[in-house]
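The values are calculated or read from the model by the stated rules, or taken from the named source; none is laboratory data. These numbers were taken from a predicted model, which means no experiment stands behind them. Cβ placement follows ideal geometry from the backbone for every residue including glycine, while neighbour counts extend to all protein chains displayed.
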Amino acid sequence: MTEVQPRDARGYFMLPQAPEGAGYYVYGTPDNGAGQYSHPALLSVLFFVEREWQAIDNRKFGIGNISQADGSKYEKHSTHMAGLQVDVRAARIDGKRLGVTRFQHEYDRAATAKLIGLFYYHPSVRKILFNDTDIPGVQPWAGHDDHFHVDIRAVVK
């Protein structure tokens, strides 16, 4: 039987939480995917980046907060209500599925730059917020030392 991803009243789907062979892992709050409801255009971006990432790196990248099913506000976010923004963890040298700040020895700037480049390669990506300004194209933003924020353009009903 085919399994269908949970869908909210807006028609947004929950990011698949543990697909076999995926190039990403999930993290964030609330857990169990409750904060990972995505506009279909953002899912397309994520799946594009995942496919391209798997071709160049065997580590998985971490996908965090997207949007809650009802589009309500996150406690610590002023965005992430439209399903058009996603938080992605910075890459670690050791590949562990844990957060890392840009100040830690385990931070992999080169891999993070490649991952950000893949996001920017997709035409829907508007901007990326991240505090490692040695990476081209990112804009600094408070609280973004351990993850980057991707914002896409799409038509919302």
Checklist entry - Tally time: how many residues in region 23-61 are within 24 Å of Y107 (Cα to Cα) and in a loop (DSSP other than H, G, I, E, B)? => result 8
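Quick check on my filter: what residues within region 6-38 are polar (S, T, N, Q) and either in contact with a helix residue (DSSP H, G or I) (Cβ under 8 Å, 6 or more places away or on another chain) or surrounded by fewer than 16 Cβ atoms within 10 Å (Cβ to Cβ) (or both)?
Q17, T29, N32, S38
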Item to check | Selection count where residues are crowded, with 21+ Cβ neighbours inside 10 Å, in contact with a strand residue (DSSP E or B) (Cβ under 6 Å, 6 or more places away or on another chain) and more than 15 Å from Q17 (Cα to Cα), scope region 55-86 | outcome: 3
Item to check | region 51-73 residues that are at negative phi, paired with ones that are loosely packed, with under 11 Cβ neighbours inside 10 Å and assigned to a helix (DSSP H, G or I) (beta carbon under 8 Å, 6 or more apart) | outcome: none
Checklist entry - Does region 44-62 contain any residue that is within 14 Å of the chain's Cα centre (by Cα), more than 25 Å from Y120 (Cβ to Cβ) and not basic (K, R)? => result no
Next on the checklist: The conditions are (1) surrounded by 16 or more Cβ atoms within 10 Å (Cβ to Cβ); (2) touching a residue at least 60 places away in the same chain (Cβ under 8 Å), and N131 fails exactly one of them. Which is it?
Outcome noted: (2)
Checklist entry - Looking only at region 97-142, which residues are more than 20 Å from G28 (Cβ to Cβ), of a type in the set (A, V, I, L, M, F, W, C) and part of a strand (DSSP E or B)? => result V138
Checklist entry - What number goes with the only condition from (1) surrounded by 14 or more Cβ atoms within 10 Å (Cβ to Cβ); (2) of a type in the set (A, V, I, L, M, F, W, C); (3) at pLDDT 95 or above that F103 does not pass? => result (1)
Checklist outcome for this item: Listed by first then second residue, the pairs whose first member lies in region 85-99 and is closer than 15 Å to A113 by Cα, whose partner is β-branched (V, I, T), with beta carbons under 7 Å and at least 6 positions apart or on separate chains, are V88/I63; V88/V150; A90/V100; A90/T112; A91/T112; R92/V100
Next on the checklist: Exactly one of these conditions fails for A41: (1) at pLDDT 95 or above; (2) crowded, with 18+ Cβ neighbours inside 10 Å; (3) of a type in the set (G, A, S). Give me its number.
Outcome noted: (2)
Checklist entry - Does R89 fit the bill of being under 18 Å from Y37 (Cα atoms), among the basic types (K, R) and surrounded by fewer than 13 Cβ atoms within 10 Å (Cβ to Cβ)? => result no
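Which of the residues belonging to region 116-128 are among the aromatic types (F, W, Y) and without any contact (Cβ under 8 Å) to a residue 40 or more places away in the chain?
Start the filter on region 116-128 by keeping residues that are among the aromatic types (F, W, Y), which leaves 119-121.
Scanning region 116-128 gives a single hit, Y120.
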Next on the checklist: If R7 satisfies all but one of (1) touching a residue at least 24 places away in the same chain (Cβ under 8 Å); (2) farther than 17 Å from V150 by Cα; (3) not small (G, A, S), what's the number of the condition it fails?
Outcome noted: (1)
